[in-house]
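Here the structure is laid out as structure tokens; the discussion comes afterwards.
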Amino acid sequence: MPSTGSNAGREPVTFPQYLLLNASRFADRTATRHKDLGIWQSWTWKQQLEEIRAFSIGLQEMGVGQGDKIAIVGTNRPRLYWTFCAVQALKAIPVPVYADAVAEEMAYVLNHAGVCLAVVQDQEQVDKILSFSDEIPALKNIIYDEPRGLRDYDHTHLREYSEVQEKGREAMASDAGRGQAWEDAINASDGEEVSVFLYTSGTTGRSKGVVLKAHTSVKAACDTAGFDHLTENDNVLAYLPLAWAGDHYLNYAQGYVSALCMGCPESPETVAHDLREIGPTFYFAPPRVFEQLLTSVMIRMEDAGSIKKRIFHHYLEVAKIYGEAILEGRPVPFGARLSYWLGDKLVYGPLKNTLGFTNIRTAYTAGEAIGPDLFSFFRALGINLKQLYGQTEAFLYVTAQKDGEIHADTVGKAVPDVEIRIADDGEVLFKSPGMFVEYYADEEKTRETFTEDGFIKTGDAGIFDSHGDLKIIDRAKDVGKLLDGSLFAPKYIENKLKFFPNIKEAVAFGDKRKFCTVLLNIDLAAVGNWAERNNISYASYQELAGLPQVYGMMREHVDQVNRDLSGEELMAGSQINRFLVLHKELDADDGELTRTLKVRRSFIEDRYASLIEALYDGSTEKHVSTEVTYEDGRKGNISATVQIMDMTTHPSVGATQEAAE
Amino acid sequence: MNQHIDPGSLRADDGIERGGMLLHVDNISLSFGGVKAIADISFDIKKGEIRAIIGPNGAGKTSMLNVINGFYHPQEGTITFRGEKRRHMRPHRAASQGIARTFQNIALFKGMSTLDNIMTGRMTLMRSNILAQALWFGPAQKEELAHRETVEKIIDFLEIEHIRKTPVGRLPYGLQKRVELGRALAADPALLLLDEPMAGMNLEEKEDMSRFVLDVNQQFGTTIALIEHDMGVVMDLSDRVVVLDYGRKIGDGSPDEVRNNQDVIDAYLGVSHD
């Protein structure tokens, strides 16, 4: 809280106020780390304040003022995180944009937000923005962090980050009161200003700019930081896309209010290694990441010697039986405890160390359903992995699991100060302290999203279970019916399929159709390794995906899912009748996935219309040619003949029989 | 990041202006027994430019590079490098004079890490003796730290942080090529010879590599001579192109001039040689 002036003793209501507070209460504690040239560099809160102040005043010198929108584009780097605070200090509005967005997507966001200045990471982003600079007349200047390759560019509208900071320092040197005036302006804020525009990943069409206010964002962050007991002793690694609400919330918002130390990886490719070096205490990853981790662990264990393998599998069994009970403090026999302790010395400890999970106190996963086996695996190792349900519009938590009240198939109870209601059609509605003001320049969408009494519609269908925990089934609009009237929840089926490590992605169809069919994407790492071990040669993803042996493997998986479905009264009707393995990986560059890697169902339905038709017309194969977009925006073509396989469905059986399996 | 990889190096300043003559090859002829690999070829390389050497298979491109860095000894002709005329040259002399190269078939130490491989590129610049190095004592320690810093800058420059400690034998081809470029850069060269840096790469890898070649040239002002088969790459990257065919020079000039040269068109489209 501000130590001087009229606001002395008041709780901070903006993030820049927290910066000032942290710089005084934790002046010499590390605020940010970044690995550069192979060595971890660090900045204390005091140094961070100086860096931010210099940049912020430099921006002021360039004419940035209240209400200006500043785009931030790049990977997780300290200078880009500082930019958020530097911009907010001027009551200007940071607009983070996904760094891997193609030019067209980026142009849309920059234009829509009316960005006048962009702070970007490197030449790649500068080039991208210059390529469409004609379309965004509002954009005046670009500031870059990494000068490589930019030396010979025209620098009339291009500046280096450090140059702007230098300008700020000069301004402070020539006017002694400048720095104080900057701080006073921050302290004077009542938190009513807009804190940030967070553009949604665009699961449904064009992305929307979620407008968040400063004091509500601070309140939300304080609530959850309190819920998980985050303090200045905590440690995180920021590796998720900078523009994603989750990253902004977990690393920036929670980071500032709890004054924890945030590490930035050396590069996106070194995250796994940096994680091990940092050893975070708080960790968030989408289920996909945990899945990849488990897959890579299992693959590497396949290559281990037989003794190691035996030890590994033995103690994994022990963990499976007793691990979660020990984690939750439930009673466990002494022998089992001893065995688990030994397992910890031999397997779990070293494994957690390799993954960088040794110090984790709280880990969260969200965004998609997580497989019960996968979820239990990490919990059994002694990692306090929990689920949360959140939305950009809520900034960020709606529900979260409390320590000790963990169930793999629910997302927990409402977090403090959040109200939840289920609408008559099953849609989850909520009210939260951090909730957004509006979608920027989109009144219609804003109106559609709020109910009359001020709740926000999530678009997700959910139910409360007997514990009072929320369970999300699917997107509300995706839940449909087969022609025979049986319930069809595509995501429910897809998730069951995706829980197999060999299946990376699945898209189910069936609404208003005779039966249910799926498109499958194999997981190249898992299936590739399996092929290697079985002496099956292949030259490309496409060839591997089309191999009869791979189809055989997929057939077993699909059959297992059908068997599971047949055991559930409501879902037995939507067993999978036919499937195919897609010849290319679904990719965000082709618009098939969102930037957060969620499937864009309707787009895929259009794009692969001929394949879907073939799934229903009884043909056994189909030739298809698909346009693909390379990372530089150029386009090419992939064509293949895709096999289609029929499945037999299982008669609906009671849940009792399933338990006997 | 600093503009020069190693500001302390003596090589950075040789008194030749950008655009001045760095290397001059005069009437070089090279034959193996009765086979004439190179016949009476002359061309020059100016400081700071990207010079491409192109030609059909067996035209003598790689032989030319081998002559420049002293691996082959021409029977006739002279080479003037930085104003110093010479006929014979040893590869290690060439290396210590500031000529570094990469190879058509990657020639890295497969069992060593990326870091160590690039570190070997600094070898010719190390001054302390082997005993001091082994004991990591006194000046040797200081020297190694300085070299390591330079190597880290190269790793950062080539964006290969994630494979810093990986044995290069385990790396995919495209990355190995990048490591090899890193090792050549580590020698802080005045002239960098690249023998088919993009051979066997896919489109994305080629684009990355082209970016790096351009960046090396711009950022460090390194003069580059490269052999390449991908005409698109050659025409985009190079300032001047020399074209060889059957050991003879048939064209020399800007990419546009070369593209419209009838002899060059004939050589590539295949006209009978009498």
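Listing for the model above:
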| quantity | calculated |
| --- | --- |
| Output for region A:627-653, where each listed residue is surrounded by 12 or more Cβ atoms within 10 Å (Cβ to Cβ), out of contact with any Ser or Thr (no Cβ under 9 Å at 6 or more places or on another chain) and either assigned to a strand (DSSP E or B) or away from chain B (no Cβ under 14 Å) (or both) | A:VAL628, A:THR629, A:VAL642, A:MET647 |
| Residue in region A:105-127 that is free of Cβ contacts under 8 Å to residues at least 40 places away in the same chain, more than 20 Å from A:TYR81 (Cα to Cα) and within 14 Å of chain B (Cβ to nearest Cβ) present | yes |
| Residue check for A:THR410: more than 17 Å from A:THR281 (Cα to Cα), open to solvent by less than 20 Å² (accessible area, probe 1.4 Å) and part of a loop (DSSP other than H, G, I, E, B) | yes |
| Pair list, Cβ < 7 Å and 6+ apart or interchain, from region A:236-247 residues that are open to solvent by 10 Å² or more (accessible area, probe 1.4 Å) to residues that are polar (S, T, N, Q) | A:TYR239/A:ASN76; A:TRP244/A:THR596 |
| Positions within region B:123-134 being open to solvent by 90 Å² or more (accessible area, probe 1.4 Å) and part of a helix (DSSP H, G or I), in sequence order | B:MET123, B:ILE130, B:LEU131 |
| Search result, residues across region B:150-176 that are part of a helix (DSSP H, G or I) and either more than 18 Å from B:ILE106 (Cβ to Cβ) or at the interface with chain A (Cβ under 9 Å from one of its Cβ atoms) (or both) | B:THR150, B:VAL151, B:GLU152, B:LYS153, B:ILE155, B:ASP156, B:PHE157, B:GLU161, B:HIS162, B:ILE163 |
| Any hit, region A:44-57, residues being modelled with pLDDT of 95 or more, assigned to a loop (DSSP other than H, G, I, E, B), on the phi < 0 side of the Ramachandran plot and more than 14 Å from chain B (Cβ to nearest Cβ) | no |
| Every residue from region A:129-141 that is in contact with a helix residue (DSSP H, G or I) (Cβ under 6 Å, 6 or more places away or on another chain) and crowded, with 19+ Cβ neighbours inside 10 Å | A:ILE136 |
| Selection within region B:24-36 - of a type outside the set (Asp, Glu) and surrounded by fewer than 21 Cβ atoms within 10 Å (Cβ to Cβ) | B:HIS24, B:ASN27, B:SER29, B:SER31, B:PHE32, B:GLY33, B:GLY34, B:VAL35, B:LYS36 |
| Restricting region B:64-109 to residues that are free of Cβ contacts under 8 Å to residues at least 60 places away in the same chain and among the small types (Gly, Ala, Ser), the residue that is most open to solvent (accessible area, probe 1.4 Å) | B:SER96 |
| Hey, A:TYR153 closer than 15 Å to A:SER56 by Cβ, within 14 Å of chain B (Cβ to nearest Cβ) and surrounded by 15 or more Cβ atoms within 10 Å (Cβ to Cβ) or not | no |
| Whichever residue in region B:219-270 is surrounded by 17 or more Cβ atoms within 10 Å (Cβ to Cβ) and among the polar types (S, T, N, Q) and, among such residues, is nearest to the other protein chains (Cβ to nearest Cβ) | B:GLN219 |
| Subset of region B:95-122 that is in a loop (DSSP other than H, G, I, E, B) and basic (Lys, Arg) - its residue that is nearest to B:MET64 (Cα to Cα) | B:ARG122 |
| Only listed residue being touching a Pro at 6+ places or on another chain (Cβ under 7 Å) and modelled with pLDDT of 90 or more, chosen from A:ALA508, A:ALA531 | A:ALA508 |
| Within region A:607-626, considering residues that are open to solvent by 50 Å² or more (accessible area, probe 1.4 Å) and assigned to a strand (DSSP E or B), the one nearest to the other protein chains (Cβ to nearest Cβ) | A:SER625 |
| Selection status of A:ARG555, within 22 Å of A:PRO651 (Cα to Cα), among the charged types (D, E, K, R), at pLDDT 90 or above and open to solvent by less than 40 Å² (accessible area, probe 1.4 Å) | no |
| Matching residues, region B:191-218, being of a type in the set (Gly, Ala, Ser) and within 14 Å of another protein chain (Cβ to nearest Cβ) | B:SER210 |
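The values are calculated or read from the model by the stated rules, or taken from the named source; none is laboratory data. Fair warning: this is a prediction, and the values are worked out from it, not measured in the lab. Cβ: placed from backbone, ideal geometry, glycine included. Neighbour counts: every protein chain shown. SASA here: full protein model, heavy atoms, side chains in, ligands and nucleic acids out. Shrake-Rupley method; radii C 1.70, N 1.55, O 1.52, S 1.80 Å.
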